[in-house]
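Worksheet: one structure, shown below.
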C-alpha cells in the first residue's frame, strides 16, 4: 500500500515533467563524476542504478493501474496522501502537524533554499567535489561559497578536529 501511494504520487508528478535531457557537454560535472561513470560502482553519480527485485518487478507490472489511479485523483489529494503515508510509515506522526512543501526535484528544493539564504545573507560550505549543479545554483543567487575537502570526513575519529582546524 505504501509503495503504491509513493508510485502514484511519483507518476502524477512525472506526467508534467516528461522531457528528454541529453548531456552533450560534461563541463559541468566534476572530474570525479566523469571517472565514476566509467566504472561498475559509482558513488559519485548520485543516481540509483540496479536490477529490479521480484517485488519491484510486480510493481512495474502494476504501472498501468497506478497510472490510471493517479489520473483519478487531484494533485492536492495525492500530496496529502503521500505526506500522510510517508510520515505515518516512518512513525513520525508529529510531522503531520507541520506544513510540508513538496517539490518535484531536489534542484528545485535547492533553489528555494538558496533564495532563502540570499535573502538572509547566509553563506554555504559544500563538500568538494560537489555533486551535480549545486555550486552553480548557489552562485546564481550570489551565495558566498566555501569548500571543504571530502578527505576531512574519511576518518570518523578526526572529523571534528579536521573541521575546527
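Suppose the filter is over 19 Å from the mean Cα position of the chain (by Cα), closer than 22 Å to residue 143 by Cβ and exposed (fewer than 12 other Cβ atoms within 10 Å of the Cβ); does residue 119 pass it? Spell out how you get there, then give the answer.
On the way: over 19 Å from the mean Cα position of the chain (by Cα): yes; closer than 22 Å to residue 143 by Cβ: yes; exposed (fewer than 12 other Cβ atoms within 10 Å of the Cβ): yes.
So residue 119 passes the test.
One line per residue, one yes/no per condition, for (1) within 28 Å of residue 153 (Cα to Cα); (2) modelled with pLDDT of 90 or more:
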position	(1), (2)
87	no, yes
96	no, yes
123	yes, yes
132	yes, no
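Go through (1) surrounded by 12 or more Cβ atoms within 10 Å (Cβ to Cβ); (2) free of Cβ contacts under 8 Å to residues at least 60 places away in the same chain one by one and return the number of the condition residue 73 breaks.
(2)
Conditions (1) outside the structural domain of residue 135 (by TED's automatic domain parsing); (2) assigned to a helix (DSSP H, G or I); (3) under 30 Å from residue 140 (Cα atoms); (4) free of Cβ contacts under 8 Å to residues at least 12 places away in the same chain, marked per residue:
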position	(1), (2), (3), (4)
66	yes, yes, no, no
69	yes, yes, no, no
77	yes, yes, no, yes
80	yes, yes, no, yes
83	yes, yes, no, no
91	yes, no, no, yes
110	no, yes, yes, no
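If you go through segment 1-21 one residue at a time, do you hit one that is part of a helix (DSSP H, G or I), out of contact with any helix residue (DSSP H, G or I) (no Cβ under 9 Å at 6 or more places or on another chain), at pLDDT 60 or above and not assigned by TED's automatic domain parsing to the domain that holds residue 134?
No, segment 1-21 contains no residue that is part of a helix (DSSP H, G or I), out of contact with any helix residue (DSSP H, G or I) (no Cβ under 9 Å at 6 or more places or on another chain), at pLDDT 60 or above and not assigned by TED's automatic domain parsing to the domain that holds residue 134.
Do we find that residue 143 is assigned to a loop (DSSP other than H, G, I, E, B), within 18 Å of residue 109 (Cα to Cα) and at pLDDT 85 or above in this structure?
On the way: assigned to a loop (DSSP other than H, G, I, E, B): yes; within 18 Å of residue 109 (Cα to Cα): yes; at pLDDT 85 or above: yes.
The answer is yes for residue 143.
Mind counting the residues in segment 127-140 that are more than 16 Å from the chain's Cα centre (by Cα) and over 12 Å from residue 107 (Cβ atoms)?
The number of residues fulfilling the criteria is 4.
What are the pairs, 6+ residues apart or on separate chains, where a residue within segment 136-164 that is at positive phi has its Cβ under 7 Å from a residue that is surrounded by 11 or more Cβ atoms within 10 Å (Cβ to Cβ)?
Pairs found: 142/118.
The values are calculated or read from the model by the stated rules, or taken from the named source; none is laboratory data. Since the model is a prediction, treat every value here as computed from it, not as a measurement. Cβ coordinates were reconstructed from backbone atoms using ideal geometry, including for glycine residues, and neighbour counts include every protein chain displayed.
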